[in-house]
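Asker: Dropping a structure here in structure tokens format, bear with me for questions.
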Amino acid sequence: MNFKNLSFTELQEYLKEQNIPVYRGRQIFNWLYQKKAFSWDEMTDLPKELRRRFIDLNVGINSLRLVSRIRDNDGTEKYLFELEDQSKIESVYLPESDRNTVCFSTQVGCGMGCLFCATGRNGIVRNLTVGVIIDQILNISKLTGTQITNIVAMGQGEPLLNYESLMKTLRILNDPKGLGLGARRITISTCGIIPGVLKLAEADLQVNLAISLHAADNQLRDHLMPINKKYPLEKLLEACDHYIAKTNRRVTFEYALIDGINDRKEDLQRLIKLLTGKLCHVNLIPFNPIPDTNFRRSNPKTIAEFAAGLNSAHIETTVRKERGSALTAACGQLQSKG
Ligand code: SAH
Ligand code: SF4
């Protein structure tokens, strides 16, 4: 039993079962989420006997052990955490003047096998539990002494293949009794799991959706992202249209520019054709090098031309600022090697 796996209502139900007054639930939630307590000792307004009872019941309140923390000159930090079963995950802290973002993992490894991504190299081990997802954010908040204002599911794993735990996590973090994090400050990035996108369109929590596109035709996308064979581009874009119609929210398309692979003139033309008229935003990511591939980053001139081409076709486009690559903490580089 770990309290970080429970919503506020579930915590109250558990207390009721144990014949513990339910108002203790509010105190405990407050300690966990507002005051970021990681030990029972800190919870001084809970009676000593009650704290002892939780210890006897083997109730956990932290599911991660910090293995290493490294910091880049720009303030970016990469965290390596160990889970109770000794597997390891990484999370990234990205401070900016107006926000502090945590990029969190949703699985140990990833089973999607995208050619350009280090996370997929060793396959999938398993989904993360609610407590482990939450604790990446709370541990980093505690260790940096900062309030986390934004979170992005862009670490290891495919978030929409861990849908139930992910959404439960986000509801707890969104709960004013939890972290009180606004839905608009939460972003989920997916390689294009269509059933997940459709479920998200109906969800009670309207978070931001980002789609890892990386190619604008099926042949190239099949090659770079094997999941495209199951969920091809036209079907994926149809699901995005449905999501946009349902939620009236803008979708972000991520496109990592790889030299000579997906940054040719015809790629730009296809991308423009694919996205024209959609309520969307394109985020171009300068490709981050990973071991054992011949893939190289597009040159800066090509990246600028791509951005200009999209913008002049009235597709709003930004180029992602490079952060954390010296730590191998940038997009696609997370591999849990510390
Ligand atoms: N599995 C999810 C979320 C994690 S990856 C997804 O694929 O969307 C976060 C972003 O980094 C995704 O857009 C991913 O495609 C991109 N990415 C992966 N490897 C990369 C690399 N080597 N360089 C740049 N971006 C990369
Ligand atoms: Fe998995 Fe995303 Fe990496 Fe693809 S890009 S292997 S889906 S983490």
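The values are calculated or read from the model by the stated rules, or taken from the named source; none is laboratory data. Since we're looking at a predicted model, the values are computed, not measured. Here the Cβ positions follow ideal geometry from the backbone for every residue, glycine too, while neighbour counts run over all protein chains shown. Surface areas here come from the heavy atoms of the whole protein model, side chains and all, with no ligands, DNA or RNA. Shrake-Rupley method; radii C 1.70, N 1.55, O 1.52, S 1.80 Å.
Asker: Return the FRET efficiency for the residue pair L57, R121: r is the Cβ-Cβ distance, R0 is 41 Å, and the value is rounded to the nearest 0.05. Please list the in-between numbers first.
Answerer: Details: r = 40 Å, r/R0 = 0.97.
The value I calculate is 0.55.
Asker: Three principal axis extents, largest first, for the C-alpha atoms of segment 184-236, in Å?
Answerer: Over segment 184-236, Cα extents along the principal axes are 35, 19, 14 Å.
Asker: Follow-up. Count charges around E316 for me, please; just the other residues with Cβ under 15 Å from its Cβ, Lys/Arg as +1, Asp/Glu as -1.
Answerer: Details: positive: R249, R250, K278, R320; negative: E254.
Once all neighbours under 15 Å are counted, the net charge is +3.
Asker: Once Rh is set to the Kirkwood radius over Cα pairs, what Stokes-Einstein translational diffusion coefficient, in µm²/s, holds for segment 107-169 at a temperature of 20 °C and a viscosity of 1.002 mPa s?
Answerer: On the way: Rh = 12.6 Å.
Taking Rh from Cα pairs, D becomes 170 µm²/s.
Asker: Then there is this: Would you calculate the volume per residue, in Å³, of the smallest convex hull containing every Cα atom of the chain? Before the final figure, lay out each step's value.
Answerer: Numbers: hull volume 45.4 nm³, N = 338.
It comes to 134 Å³ per residue, whole-number rounded.
Asker: Once every DSSP H run of n ≥ 4 in the chain is given -39500 (n - 2.57) and the sum is divided by its residues, what mean residue ellipticity at 222 nm do you get, rounded to the nearest 500 deg cm²/dmol? Don't jump to the answer; show the numbers that get you there.
Answerer: Details: 11 runs with 112 residues, N = 338.
Using -39500 (n - 2.57) per qualifying helix, the result is -10000 deg cm²/dmol.
Asker: Moving to a separate point now. Starting from the Cα coordinates of segment 138-268, work out the convex hull volume and express it per residue in Å³.
Answerer: On the way: hull volume 16.5 nm³, N = 131.
Per residue, the Cα convex hull of segment 138-268 comes to 126 Å³.
Asker: Separate question: Only bridges with both residues in the chain count here: give the DSSP antiparallel percent, nearest 5. Intermediate values should be presented prior to the final figure.
Answerer: On the way: 20 of 44 bridges.
If I count the DSSP bridges inside the chain, around 45 percent turn out antiparallel.
Asker: So, for the chain, what is the accessible surface per residue at a probe of 1.4 Å, expressed in square angstrom?
Answerer: Numbers: 14920 Å² over 338 residues.
It amounts to 44 Å² per residue over the chain.
Asker: Take every Cα pair under 8 Å in the chain that's 6+ residues apart, average their separations, divide by the length, and report that relative contact order as a whole percent. Could the numbers behind the result be given before it?
Answerer: Details: 620 pairs, mean separation 50.7, N = 338.
Across the chain, relative contact order equals 15 percent.
Asker: Compute the long axis of helix 233-247 from its Cα atoms, compare it with the longest principal axis of the Cα atoms of the chain, and write down the angle in degrees, 0 to 90, nearest 10.
Answerer: For 233-247 against the chain, the angle is about 50 degrees.
Asker: Given N residues in segment 70-153, what is its alpha carbon radius of gyration divided by 2.2 N^0.38 Å? Provide the component values of the computation, followed by the final result.
Answerer: Details: Rg = 13.3 Å, N = 84, 2.2 N^0.38 = 11.8 Å.
Computed over Cα atoms of segment 70-153, the ratio equals 1.12.
Asker: In whole angstrom, how far apart do the alpha carbon centroids of segment 145-223 and segment 287-311 sit?
Answerer: First find each Cα centre; the distance between them is then 25 Å.
Asker: Also, quick follow-up: On a 0 to 90° scale, report how tilted helix 300-312 is relative to the longest principal axis of the chain, with both axes built from alpha carbons and the result rounded to the nearest 10.
Answerer: Between the helix axis and the principal axis of the chain, the angle is about 90 degrees.
Asker: Put one equal scatterer on each alpha carbon of segment 194-320, apply the Debye formula with no solvent term, and list log10 I(q)/I(0) at q = 0.13, 0.16 1/Å to two decimals.
Answerer: So the normalised log intensities are -0.53, -0.79.
Asker: Tally Lys and Arg at +1 and Asp and Glu at -1 over the other residues with C-beta under 14 Å from the C-beta of L11: what net charge comes out? Don't skip to the answer; put the middle values down first.
Answerer: Values: positive: K4, K16, R24, R26, K168, R171, K177; negative: E10, E13, E17, D175.
So the environment of L11 carries a net charge of +3.
Asker: Please identify the cysteines of the chain that lack any partner cysteine with a Cβ under 4.7 Å from their own Cβ.
Answerer: Isolated Cys, the chain: C103, C110, C191, C240, C280, C331.
Asker: What percent do you get for the relative contact order of segment 3-56 when only Cα pairs under 8 Å and 6+ apart count? Walk me through the numbers on the way to the answer.
Answerer: Values: 23 pairs, mean separation 11.6, N = 54.
Relative contact order comes out at 21 percent.
Asker: Where does helix 163-174 land angle-wise versus the long Cα axis of the chain, in degrees 0 to 90, nearest 10?
Answerer: Compared with the principal axis, the helix lies near 60 degrees.
Asker: Return the single residue from T328, T44, T187 with maximal mean-square fluctuation; model: Gaussian network over the chain, springs between Cα atoms under 10 Å.
Answerer: T44
Asker: Ok, one more. How much net charge surrounds G131 when only other residues with a Cβ under 11 Å from its Cβ are counted (Lys, Arg +1; Asp, Glu -1)?
Answerer: On the way: positive: K4, K168; negative: E84, D135.
Around G131, the surrounding residues sum to 0.
Asker: Something else now. Percent of accessible area on the chain owned by carbon and sulfur, 1.4 Å probe?
Answerer: Whole-percent figure for carbon plus sulfur exposure: 50.
Asker: Plugging the Kirkwood radius over Cα pairs into Stokes-Einstein for segment 3-56, at a temperature of 20 °C and a viscosity of 1.002 mPa s, what D comes out in µm²/s? The partial results should precede the final answer.
Answerer: Details: Rh = 11.3 Å.
After rounding, the answer is 190 µm²/s.
Asker: Given the Cα-Cα distance of E305 and Q27 and 0.36 nm per residue of separation, how much length would full extension add, in nm?
Answerer: Values: separation 278, 0.36 × 278 = 100.08 nm, distance 5.48 nm.
Fully extending the segment from E305 to Q27 adds 94.6 nm.
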